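K.L.:
The structure is given below, and queries will be raised subsequently.
The values are calculated or read from the model by the stated rules, or taken from the named source; none is laboratory data. All figures in this text were calculated on a predicted structure; none of them were measured in a lab. With ideal geometry, Cβ positions are generated from the backbone for all residues, glycine too; neighbour counts draw on all protein chains shown.
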Amino acid sequence: MSAAPGLAFSVSSASVDGENPSIRPFSSRVPKPKQKNTKPPPAPVIWINGFPGTGKREIAIELRHLIGIDRAILIQNHRRIDNVALPRRHSQAWKEGAMDRKRTLISNLLAPHMRHKTIIFTDFQTDSLERTDNPVDCLEAAYKANRPFLPVTVMCSEAENIRRITDPVRCWPESRVQRKVLKNAFVLRCYRTLKLFDFDEVDCFHEVKRDGFVIDATELDAVVVAEMIQREVKRSRKGKEAMQEVGYRW
């Protein structure tokens, strides 16, 4: 029996009666192409670490302006270094405050409605085992949210570091308490004997490590450093794709 027009091949009377539903006539409709996934990828997390007085806060503010204040949020963790100005009885409150800020960071990082906002987090973390929180937790949360993660270490010479922390104008504009930031050169020298936390030296996710970005800001102002961080995010393939998809001006 020859093939009938419009059919894939010859069919028996049984198949015509519907007993073999696997045989179907040719369709004149063109199959729809698969739609490209246009869902923007999550925006990156930028973790800025450094000793007190290196200019992390100013750098983060400038970076947020470069990205767009409606496209990035800034979470400051400066208060974790202020225990030197607090009586011993406040040490527990200080630790709780540090943990609260960490929870704020991770909750924003994982929140679906925040996935298109770049998160900038300033911190002071050393390799000391006595720290109240673990920077790796932030890295794990970023991976969980499928966000690009860029750790930035801001350095400067000891002389410049001391000059910056003893600057009379160094304070928080939103704070009425002048002693909210570290201004003691002796305490700073003690801090500088410690080694800043380095993700490259931590075994994360079974030897999967995240390279960091180190900047010597001794002779650089906050705007220049922010632009350097901007270029580093852009250099990252995943970060660049994320910026382009959500329309960031990187």
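K.L.:
Could you count how many residues in the range 27-75 are at pLDDT 90 or above, part of a strand (DSSP E or B) and under 13 Å from the mean Cα position of the chain (by Cα)?
P.N.:
Number satisfying all stated conditions: 8.
K.L.:
Which of the residues belonging to the range 115-166 are of a type in the set (Asp, Glu) and either at pLDDT below 85 or closer than 16 Å to Lys102 by Cβ (or both)? Give the steps one after another, and end with the answer.
P.N.:
Residues of the range 115-166 of a type in the set (Asp, Glu): 123, 127, 130, 133, 137, 140, 158, 160.
Asp123, Asp127, Glu130, Asp133, Asp137, Glu140 - these are the residues of the range 115-166 that are of a type in the set (Asp, Glu) and either at pLDDT below 85 or closer than 16 Å to Lys102 by Cβ (or both).
K.L.:
Any chance you could count how many residues in the range 167-184 are of a type in the set (D, E, K, R) and either within 27 Å of the chain's Cα centre (by Cα) or modelled with pLDDT of 85 or more (or both)?
P.N.:
Looking only at that region, the number is 3.
K.L.:
Can you find a residue that is among the aromatic types (Phe, Trp, Tyr), under 20 Å from Glu232 (Cα atoms), in contact with a strand residue (DSSP E or B) (Cβ under 6 Å, 6 or more places away or on another chain) and at pLDDT 85 or above anywhere in the range 198-206? Lay out the reasoning, then the answer.
P.N.:
Quick first cut of the range 198-206, residues among the aromatic types (Phe, Trp, Tyr) only: 199, 205.
Now drop any that are not under 20 Å from Glu232 (Cα atoms), which leaves 199.
Restricting the remaining residues to those that are in contact with a strand residue (DSSP E or B) (Cβ under 6 Å, 6 or more places away or on another chain) gives 199.
Restricting the remaining residues to those that are at pLDDT 85 or above gives none.
Among the residues of the range 198-206, not one is among the aromatic types (Phe, Trp, Tyr), under 20 Å from Glu232 (Cα atoms), in contact with a strand residue (DSSP E or B) (Cβ under 6 Å, 6 or more places away or on another chain) and at pLDDT 85 or above, which makes the answer no.
K.L.:
Among the residues of the range 213-234, is there at least one that is of a type in the set (D, E, K, R), modelled with pLDDT under 80 and within 26 Å of the chain's Cα centre (by Cα)?
P.N.:
The answer is no; no qualifying residue exists.
K.L.:
Then there's this: Mind checking which residues of the range 104-134 are farther than 23 Å from Lys234 by Cα, in contact with a helix residue (DSSP H, G or I) (Cβ under 7 Å, 6 or more places away or on another chain) and not charged (D, E, K, R)?
P.N.:
Those that are farther than 23 Å from Lys234 by Cα, in contact with a helix residue (DSSP H, G or I) (Cβ under 7 Å, 6 or more places away or on another chain) and not charged (D, E, K, R): Ile106, Phe124, Gln125, Thr132.
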